[in-house]
Amino acid sequence: MPRQPEIPELARRGPFSRDQARAAGVSDRRLQGQQFERLHPGVWRWTGYDMTPLDWLAAAELAMPSGAALSHVSRIQRSGLDIGPLRPVRFTIAGDHHLAVNGTFLHRTEVMPPRDTVGVTPAAAFVQCCASMRLLDLIVIGDHLLREGLATIEEVVDVCRLHPWRPGAKQAFAVLPWLHDRSWSPKESELRAYVHAAGLPKPEVNADVLALDGTRLGIGDLWFPRWRLVAEYEGRQHAEDPSQFRKDIDRYAGFRDNDVSYVQVTAAMTANPAGAVQRIFAALARNGYTGPPPRFSARWGSLFRALP
């Protein structure tokens, strides 16, 4: 039985184009064989390679014309945030360019948004997302961009003012006041948004929790210093990482020894956002908060809808 030709290195790294295959010595005829699968016109993968979500983005990019830029939520996903649907992969191109590629959507515009070496800039992609995504998702995206240094508030404002007619430009201004550059995870962003939307006191975000004598006890996800309460989102890594688990035990012991209360909110609890907010409100009330209870009215409902 004849020996199968060696699989080139580029095929072991992900999807590739016809031109890349030819440069690696893979003939067009060999691409038609059982070792390779055609993903898009001119784009293949080795059948022994398992595609990741980012690989599907890369495959779609290889199928696009040179003027197309990865955009909208697909550009946000490329920056490392797992949010929104993976399909269709979204691109933007200037002019009346029509191209049908399975699993992609090509947005046409008269004037391209600002671009970088990956696609449209993260700030421009955020504005595009503001045209159709839920406010809660936009808060998560905005916090991610600020946290990772991928965009600033000023850059987003500049994009909106550069092309005020662009879908999402008006809505973006309504999202900006909700954002915070010290939110360290998507779930923390969601929890903070729930607290704010329900009208509870504004917490400090990932701030130093201090004893009454000024000693630093650790960092709290949401810290209400007036009521000496910490609200913590407990992700799976807190339980699965022994080192993190041990640090958490020591930190919570320090809180208890210094009259700092804490509320732990898990992923299961955030499946009922109003219930999670009620837990925080109850803890605040036990610590002396006499303000209004959480309100689940218009502002609360706006989190779960696209902006008008």
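Taking the criterion of being under 22 Å from residue 65 (Cα atoms) and open to solvent by less than 70 Å² (accessible area, probe 1.4 Å), the residues of the stretch 25-42 that qualify are 28, 31, 39, 40, 42.
Within the stretch 101-119, residues that are open to solvent by 20 Å² or more (accessible area, probe 1.4 Å) sit with their Cβ atoms under 6 Å from residues that are at pLDDT 95 or above and in a loop (DSSP other than H, G, I, E, B), at 6+ positions apart or across chains, in these pairs: 114/121. In the set 134, 147, only one residue is among the basic types (Lys, Arg) and under 12 Å from the mean Cα position of the chain (by Cα); that residue is 147.
Among the residues of the stretch 43-63, those that are surrounded by fewer than 16 Cβ atoms within 10 Å (Cβ to Cβ) and farther than 30 Å from residue 168 by Cα comprise 47, 48, 50, 51. A single member of 117, 92 is in a loop (DSSP other than H, G, I, E, B) and hydroxyl-bearing (Ser, Thr, Tyr), and it is 117.
Only residues that are assigned to a loop (DSSP other than H, G, I, E, B) and of a type in the set (D, E, K, R): list them for the stretch 95-114, please. Of everything in the stretch 95-114, those that are assigned to a loop (DSSP other than H, G, I, E, B) and of a type in the set (D, E, K, R) turn out to be 96, 110.
Picking from residues in the stretch 37-68 that are among the small types (Gly, Ala, Ser) and assigned to a helix (DSSP H, G or I), the one that is nearest to residue 118 (Cα to Cα) is 58.
What residue, among those in the stretch 187-210 that are open to solvent by 50 Å² or more (accessible area, probe 1.4 Å) and either within 18 Å of the chain's Cα centre (by Cα) or acidic (Asp, Glu) (or both), is farthest from residue 122 (Cα to Cα)? Step through it out loud before you land on a result.
The initial filter retains those residues of the stretch 187-210 that are open to solvent by 50 Å² or more (accessible area, probe 1.4 Å), namely 187, 196, 202, 204, 208, 210.
Restricting the remaining residues to those that are either within 18 Å of the chain's Cα centre (by Cα) or acidic (Asp, Glu) (or both) gives 187, 204, 208.
Working: 187: 20, 204: 26, 208: 30 Å.
Within the stretch 187-210, the match that is farthest from residue 122 (Cα to Cα) is 208.
If you go through the stretch 144-157 and keep only what is under 23 Å from residue 111 (Cα atoms), assigned to a helix (DSSP H, G or I) and touching a Ser or Thr at 6+ places or on another chain (Cβ under 9 Å), you end up with just 155. Looking at residue 90, is it open to solvent by 40 Å² or more (accessible area, probe 1.4 Å), within 22 Å of residue 165 (Cα to Cα), among the charged types (D, E, K, R) and touching a helix residue (DSSP H, G or I) at 6+ places or on another chain (Cβ under 8 Å)? When the stated conditions are applied, residue 90 passes them. Could you go through the stretch 22-42 and let me know if any residue there is touching a residue at least 24 places away in the same chain (Cβ under 8 Å), touching a helix residue (DSSP H, G or I) at 6+ places or on another chain (Cβ under 7 Å) and basic (Lys, Arg). No, there is no match, as no residue in the stretch 22-42 is touching a residue at least 24 places away in the same chain (Cβ under 8 Å), touching a helix residue (DSSP H, G or I) at 6+ places or on another chain (Cβ under 7 Å) and basic (Lys, Arg). Note on the stretch 241-298: residues that are loosely packed, with under 15 Cβ neighbours inside 10 Å, of a type in the set (Lys, Arg) and at pLDDT below 90 total 3. Here 218, 149, 214, 168 are screened, and the one residue that is small (Gly, Ala, Ser), at pLDDT 95 or above and surrounded by fewer than 19 Cβ atoms within 10 Å (Cβ to Cβ) is 149.
Evaluating residue 130 against the criteria (1) open to solvent by 40 Å² or more (accessible area, probe 1.4 Å); (2) within 27 Å of residue 188 (Cα to Cα); (3) in contact (Cβ under 8 Å) with a residue 24 or more places away in the chain leaves one unmet condition, (1). Check whether at least one residue in the stretch 36-50 is at pLDDT 90 or above, within 22 Å of residue 137 (Cβ to Cβ) and β-branched (Val, Ile, Thr), and report yes or no. Scanning the stretch 36-50 turns up no residue that is at pLDDT 90 or above, within 22 Å of residue 137 (Cβ to Cβ) and β-branched (Val, Ile, Thr). Each residue in the stretch 64-82 was checked for being open to solvent by 20 Å² or more (accessible area, probe 1.4 Å) and either out of contact with any Phe, Trp or Tyr (no Cβ under 7 Å at 6 or more places or on another chain) or more than 21 Å from residue 108 (Cβ to Cβ) (or both), and 8 of them qualify.
The values are calculated or read from the model by the stated rules, or taken from the named source; none is laboratory data. This is a predicted model, so every value here is computed, not measured. Heads up, the Cβs are rebuilt from the backbone with ideal geometry, glycines too, and the neighbour counts pull from every protein chain shown. Please note that ligands, DNA and RNA were not included when accessible areas were found on the heavy atoms of the full protein model with its side chains. Shrake-Rupley method; radii C 1.70, N 1.55, O 1.52, S 1.80 Å.
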